[in-house]
Amino acid sequence: MSDPVVDARDVTYRHPDGTVAVDGVDLRIEPGTRVALLGANGAGKSTLLQLLGGLLDPSEGTVRWFGERDADVVRDRLSVLLQDADDYLFNPTVREDLAYGPRQLRLPANEVDERVATLAARFDLESLLDRPPFRLSGGEKRRAAFAAALSLDPEALLLDEPVSHLDAQNRRRILDALDELASEGVTTVVATPDPDLVPAVADRVCLLGPSGTVVADGTPREILTDRERLRAAGLRPPTLVRLFGDLDGVDGEDLPVSLSEADALLRRWRETE
Ligand SMILES: Nc1ncnc2c1ncn2[C@@H]1O[C@H](COP(=O)(O)OP(=O)(O)OP(=O)(O)O)[C@@H](O)[C@H]1O
């Protein structure tokens, strides 16, 4: 069996002022899985994502990536996209930002150009390639940063709130890209405070409690229909669960947690009318 993409054991992160942001987390992420780290603001999602991505060293515990103890050895196999797009756009043009990673890997020039062209087409960046990143809108920057994170063709992608504050079209583009990556077998980990987003991006949900611990780990259905547990974690159940869960006779496996499940349920009702 192949090594897990990430294997975190009893990981704790303490800020210099003593604040414990992540507390004793055990988390093993298998290749090809889609995981959501779901938690309220301040729950420790960003800190945990940075620990899992090797950008922060744990105060206690260990993290291994593909079986390795040194994150630098696997840097080109795993990309992390944090919330601030500006962190990923530091070259004079978008084109150079997309080419930066592949050049670092010393890929031949024609392959670098090919990767840039493919990413530009995938994220609708063609007309922006020769612009300086600081002349892009917020949504365009997010698309460019996402493309830059994919420029190394990583086996795993860890993203912090990838669709927050995006309009419907940009949101759709990012979600389509995540679907495509999943179908290619890329492992994705998405940190989000939004239970409504979870069914679109994950098959497994790690629910963070208010104090940096993982309080539940299960399928979207198991986690998103557990209203009590979500409330204890400072979150509201997803809209669909609140809407359909209050109707008589809709419970258990019938309760839709995704739009496609809600659509199927509505169709069944229409047929039996
Ligand atoms: N530099 C810091 N010094 C001390 N405590 C910090 C620092 N940065 C974050 N924290 C604390 O660490 C905890 C976890 O923060 P983190 O940013 O990981 O949470 P989050 O779940 O990503 O939140 P959000 O959804 O608001 O982005 C919070 O209690 C926060 O106040």
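The values are calculated or read from the model by the stated rules, or taken from the named source; none is laboratory data. What you see is a predicted model; the values in this text were computed from it and never measured. Neighbour counts are summed over all protein chains in view; Cβ atoms, including those assigned to glycine, are modelled from backbone coordinates with ideal geometry.
Residue by residue through the stretch 25-48, note down the ones that are assigned to a strand (DSSP E or B) and hydrophobic (A, V, I, L, M, F, W, C).
If the condition is that a residue be assigned to a strand (DSSP E or B) and hydrophobic (A, V, I, L, M, F, W, C), then V25, L27, I29, V35, A36, L37, L38 are the ones that fit.
Could you list all residues from the stretch 88-103 that are in contact (Cβ under 8 Å) with a residue 40 or more places away in the chain and part of a helix (DSSP H, G or I)?
Across the stretch 88-103, the qualifying residues are Y88, V94, D97, L98, A99, Y100, G101, P102.
Only one residue in L136, L128 is touching an Asp or Glu at 6+ places or on another chain (Cβ under 9 Å), assigned by TED's automatic domain parsing to the domain that holds S46 and under 19 Å from N170 (Cα atoms). Which one?
L128
Quick one: is P199 crowded, with 20+ Cβ neighbours inside 10 Å, in contact with a Ser or Thr (Cβ under 6 Å, 6 or more places away or on another chain) and not basic (K, R)?
So P199 fits the description; yes.
How many residues are within 15 Å of the ligand (Cβ to nearest atom) and more than 14 Å from N41 (Cβ to Cβ) if we restrict to the stretch 197-208? Outline the logic, then answer.
Keep residues of the stretch 197-208 that are within 15 Å of the ligand (Cβ to nearest atom), which gives 197-198, 205-208.
Now drop any that are not more than 14 Å from N41 (Cβ to Cβ), which leaves 197-198, 205-207.
Of the residues in the stretch 197-208, 5 are within 15 Å of the ligand (Cβ to nearest atom) and more than 14 Å from N41 (Cβ to Cβ).
Which one is nearest to D72 (Cα to Cα), of the residues in the stretch 3-24 that are part of a strand (DSSP E or B), within 15 Å of the ligand (Cβ to nearest atom) and of a type outside the set (D, E, K, R)?
A8
Give the number of residues within the stretch 135-180 that are free of Cβ contacts under 8 Å to residues at least 12 places away in the same chain and farther than 26 Å from G32 by Cβ.
Within the stretch 135-180, residues that are free of Cβ contacts under 8 Å to residues at least 12 places away in the same chain and farther than 26 Å from G32 by Cβ number 4.
Report yes if some residue within the stretch 85-94 is farther than 23 Å from R115 by Cβ and polar (S, T, N, Q); otherwise report no.
Taking every residue of the stretch 85-94 in turn, none turns out to be farther than 23 Å from R115 by Cβ and polar (S, T, N, Q).
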